[in-house]
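Data block below; observations after.
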Amino acid sequence: MDQLQELAQTVIQWGALLFLFALGVGLLWVFVLYLVDKTQKIHTIRRNYPVIGRLRYLFEHFGEFFRQYFFAMDREELPFNRAERSWAYRAAKNVDTTIAFGSTRPLDQPGDVIFLNSAFPVLSSDSADAGTISFGDDSCLHPYTTTSLINISGMSFGAISKPAVRALSKGAAAAGIWMNTGEGGLSAYHLEGGCDLVFQIGTAKYGVRTPEGQLDPVKLAEIAAHPQVKMFEIKISQGAKPGKGGILPGGKVTPSIAKVRGIAVGEDSISPNGHEDIRSVSDLLDMIVNVRKVTGKPVGFKMVVGQLDFFHDLFTEINSRGAFSAPDFITLDSADGGTGAAPQPLMDYVGLSLRESLPMIVDMLIEFGLRERIKVIASGKLITPGKVAWALACGADIVTSARGFMFALGCIQALQCNKNTCPTGITTHQKELQRGLVPAEKSLRVASFANQIVYDVGTIAHSCGVSQPRDLQRHHVRIIQPGGLSVSLVQQYPEPVARQKIKLPPSA
């Protein structure tokens, strides 16, 4: 007993000494910080409130993580509110997506959309699937036909991690949808899941570039030789940064990423803000024809809509040359899209939102007689069934989403995409953070999210009295105006009558 008491006393004494030592070190550290803060001349708060002023930066940092849990209401947060994220999470987990006691979505906010239900909704027994969409039937040797309604938008290997790419690839294959590679090139991880792929050619031509950064037809043909690569997309601009090229910090350029892209390890990967070989409408059409000729597969381009003269000139040139020169599709990105690193002025102020640009470009295609020839893909914050259904009603043939599938992977909107510190392992290359993202498990959530979108968009379509989602039209949608009342989408964007019509020549 005495020995136990002596041992306890010894432990207490040593514990007290360690506590006093730690306290002394702590006080000394606080004193050093006090001197540093008091004498520095850069930060006003720290100079006036030494040591304590540092808490401001701590609270500011943690605010990014805790704001969405404790302070934001269900429908007020940006870029995606809690209600939208919650639906995406439940859809991905394949759990009940129904809600109780009424919607938290205000029904009188200007710009919001509502769908007009039919007195005679389509019965489940009379419903139909979304049908098929074909690309390149009249233009290339290997056209592509798909039944997919929503697909995975461009996210580059580099911008997102290896396990994220693997999970998306496997999930896309399970759901029967395609995955866009993004501008970072084609990796083995894109291919291993077995899904259909759309290869994106960015301004730096990663994966298909010469050492000087020009398009390499040999490498382009090698990419096209993969049976999984179904189409090619030339990226003119993207929602996060119209007029600015891709930005991948050097810390994220690992050896495997550098190999796929054809660049140096550890150096910032900054794409040009435009294609050096595309400086006019004619150049763009030449590029489309060239890529289609080399690959034999459908080719389109992606951009954020800005100056509308571009589309007028483009469609006029196509009608002048003939339909063989036309892109097989146009991907319209929204100015509020994008997940990666981008200058805030471009994110905040440049480009048109998809809500404005989509119906306008569809109308221009109709006016120029090109609507049947050129398919329209809509992208930009379309992560919920209502937004997808709206895009289809406005004229989109297919929808793509990046951030919706990031939520399916477990994204918590921590706003760390550009810092290599993503806590969910999606946009980081730190192994310890990637460990939490298990591709085999997350791929199931990717497939479930896609399937739930299709099911719920079908539910909206049936309520409106049509048998399948692509039958939705503008007269099914109304837009809330200031004051809370609504007007038909047809009133805002009456569908035009074609003023020109071209004849499609034989496949070129």
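The values are calculated or read from the model by the stated rules, or taken from the named source; none is laboratory data. Because the structure is a prediction, the values reported are computed rather than measured. So basically every Cβ, Gly included, is an ideal-geometry build from the backbone, and we count neighbours across all protein chains shown.
Any chance segment 356-376 includes a residue that's crowded, with 24+ Cβ neighbours inside 10 Å and under 14 Å from the mean Cα position of the chain (by Cα)? Taking every residue of segment 356-376 in turn, none turns out to be crowded, with 24+ Cβ neighbours inside 10 Å and under 14 Å from the mean Cα position of the chain (by Cα). Contact map, segment 256-269: first residue assigned by TED's automatic domain parsing to the domain that holds Gly246, second residue modelled with pLDDT of 80 or more and of a type in the set (Lys, Arg), Cβ cut-off under 8 Å, separation 6 or more or different chains; pairs are Ser256/Lys162; Gly262/Arg209; Ser269/Arg261.
Given the structure, is Ile160 among the aliphatic types (A, V, I, L, M), surrounded by 19 or more Cβ atoms within 10 Å (Cβ to Cβ) and touching a strand residue (DSSP E or B) at 6+ places or on another chain (Cβ under 9 Å)? Here the answer is no, as Ile160 does not meet what is asked. Restricting Phe301, Phe310 to residues that are at negative phi and either surrounded by fewer than 17 Cβ atoms within 10 Å (Cβ to Cβ) or without any contact (Cβ under 8 Å) to a residue 60 or more places away in the chain (or both) narrows the list to Phe310. Taking each residue of segment 378-390 that is on the phi > 0 side of the Ramachandran plot and looking for partners that are among the hydrophobic types (A, V, I, L, M, F, W, C) and modelled with pLDDT under 95 with beta-carbon atoms closer than 7 Å, six or more apart or interchain, yields Gly380/Leu354.
Condition check: surrounded by fewer than 21 Cβ atoms within 10 Å (Cβ to Cβ) and β-branched (Val, Ile, Thr). Does Thr210 satisfy that? Considered against the rule, which asks whether it is surrounded by fewer than 21 Cβ atoms within 10 Å (Cβ to Cβ) and β-branched (Val, Ile, Thr), Thr210 comes out as yes.
Of the residues making up segment 405-446, just one is farther than 17 Å from Tyr189 by Cβ and in contact with a strand residue (DSSP E or B) (Cβ under 8 Å, 6 or more places away or on another chain), namely Asn418.
Could you say which residue among Thr384, Thr331, Thr421 is β-branched (Val, Ile, Thr), in the same structural domain as Thr145 (by TED's automatic domain parsing) and within 21 Å of Asn273 (Cα to Cα)? Matching residue, one of Thr384, Thr331, Thr421: Thr331. Find the residue count for segment 324-355, including only residues that are assigned to a helix (DSSP H, G or I) and either modelled with pLDDT of 85 or more or in contact with a Phe, Trp or Tyr (Cβ under 7 Å, 6 or more places away or on another chain) (or both). The qualifying residues number 4. The number of residues in segment 432-458 that are closer than 21 Å to Ser124 by Cβ and buried (at least 17 other Cβ atoms within 10 Å of the Cβ) comes to 9.
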